[in-house]
Amino acid sequence: HDHDVVVMTMAIRKTARLCLLTAISLAFLATLRHVNDDINRLNHLRNHQSSRRLSTQTRTYQPQPQQLSVPSSSATTIDQQDASPSSSSEGYTYLIIHYHKSGHILTQNLRDILLQADPSTTRNYIDRFPKRQHDDTTKCPHLTLHPNTVYVQSSPDFFCNIHTLAEELLTRPTKQRGIKLIHLIRNPFTMAISNYKYHSQDPLPEGENWVKRTNPCLVEEKSSVVYAQLFMKTLVASPGAYRLMEYDDFQMIHAMCHRFYDDESLTNHTNSPGFYTNLLNLPPTEGLLLATTYLMLGRGGDILRMANNIIKLRQLQLLERTIHLQQHTLPDFNDESKRKVQVLTMSMDDFIARPKGFLIQFLDFVSLGNEGVVVGSENGSNKDTNGYGGGGELLSPNEKEEIATRYEQMYYEKVSAGDEHITSLLSKTTKEVVTDGGGGDKRRNKETETVVMSHAELEQSLRENVLWGRVLGNIENLVDESLRGVHNWY
């Protein structure tokens, strides 16, 4: 009998505990429901406010059928300068991205060609947002892009998560057709060599005197820790990433920078804090190693920035494909002309080798899904009621051929005349380098020796270097895959 009482008591206590836990859970769910209601009301209020003015704060990314985001149609202006065109027809947003020594002048030429080829484009900007900078919170710059506009942007910091990047690229104050993004990249070995040749010219090109004032090792030490973390997050931790390098490699790059920059026999850093003297007097292979460290460290690391953005844009395309897959509209994604984000990856090396073919590829991409005003039509007589071509393409094949041929001729005339920006003209690098005269001490027994090296010899020296051969080789593979259009949709 006592045993039965004990068992019954334990059962009652267990039941009481279950009831108490159930009551607590219900109370927690009720509280959570009230909190969610408050959040929803707050978001509704914010959305209502943002429909009347464009907010500079991050907006909620809401994918919708056939499009990646639906911005408010009522917010049409930011200020007088950024006001959207009054026309009811809206064209594409064009964003042309390049990096140091991957086509600075070329991108401006592409902009000019685009403005003439697509009459729907009404505005253009160069470096609309600061290059090599980003918001401390989102890790991306605030883009605020508009339709009917061409943007030429140097070295953007795309370190944010992919949803934020999609929002920055696609959220505009008016309805949009989509964005055409032209990404100019380059083989990392030829990019490094072009950078070295450009900054070791005598005299320096106009506007490049910063090389005479900058200690690359000291400047980049201040930012390289932050940027190393940002780069490695993309290169290692994000979907579809490549392990292009290791954290320890950044220390090796720093050590290499100090090894060649701190050579007191070449310069007195108290009077000349820049590394231009080093680039002039070091043997070409060593000067190339020093110059390459600057392209791989901190804010100036455009080779790594290029690799980072290749991966980010690939992830952006994957996001759009995933949305179409979830909505059972994958055929729309497979038709590139219907994508909200259209990406063309092009190589500066390819342009140097075949400028006409490069231009035709660019014009084909611009025309893809773009039935604008037919160029050459009398007073736009082929326009439809929306201002676009009556079923025609933006450019005919003959017009593309004519534009590309004319530009190729202009480029070759520029090459023949000589241009300090075209480093491919410098087929050989000649340096009067400082030696020790056989005495073992360059500071006391300074002599000079003429060293001549070809582009192929400089490239081979990079490939044979233990660090650069591995790291730049990995980035080269990524660049080649991107140019071939190889996409691993995971």
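The values are calculated or read from the model by the stated rules, or taken from the named source; none is laboratory data. The structure presented is a predicted model; accordingly, all values stated were derived computationally and were not measured. Quick reminder, even Gly has a Cβ in these numbers, built from the backbone with ideal geometry, and neighbours come from all protein chains shown. For accessibility, only protein heavy atoms count, side chains too; no ligands or nucleic acids. Shrake-Rupley method; radii C 1.70, N 1.55, O 1.52, S 1.80 Å.
Points to keep in mind about this one:
- Residue within the range 169-182 that is of a type in the set (Val, Ile, Thr), touching a residue at least 12 places away in the same chain (Cβ under 8 Å) and within 16 Å of Ile310 (Cα to Cα) present: yes
- Annotation note: Cβ proximity below 7 Å between a residue of the range 225-244 that is over 25 Å from Thr322 (Cβ atoms) and at pLDDT 80 or above and a residue that is among the aromatic types (Phe, Trp, Tyr) and surrounded by 15 or more Cβ atoms within 10 Å (Cβ to Cβ) (sequence gap 6+ or interchain) occurs for Ala228/Phe250.
- Helices (runs of 4 or more DSSP H) contained entirely in the range 125-237, each with at least 1 residues that are open to solvent by 10 Å² or more (accessible area, probe 1.4 Å) and more than 30 Å from Ile352 (Cα to Cα): 162-170, 210-213, 216-232
- Test for Glu464: is it open to solvent by 40 Å² or more (accessible area, probe 1.4 Å) and at pLDDT below 85: no
- Residue in the range 409-417 that is touching a Leu at 6+ places or on another chain (Cβ under 9 Å), more than 24 Å from Asn281 (Cα to Cα) and either loosely packed, with under 15 Cβ neighbours inside 10 Å or modelled with pLDDT under 80 (or both) present: yes
- Pair list, Cβ under 9 Å, 6 or more apart: the range 355-372 residue over 14 Å from Val343 (Cα atoms), other residue at pLDDT 90 or above and among the basic types (Lys, Arg): Leu359/Lys400; Ile360/Lys400; Asn370/Lys180
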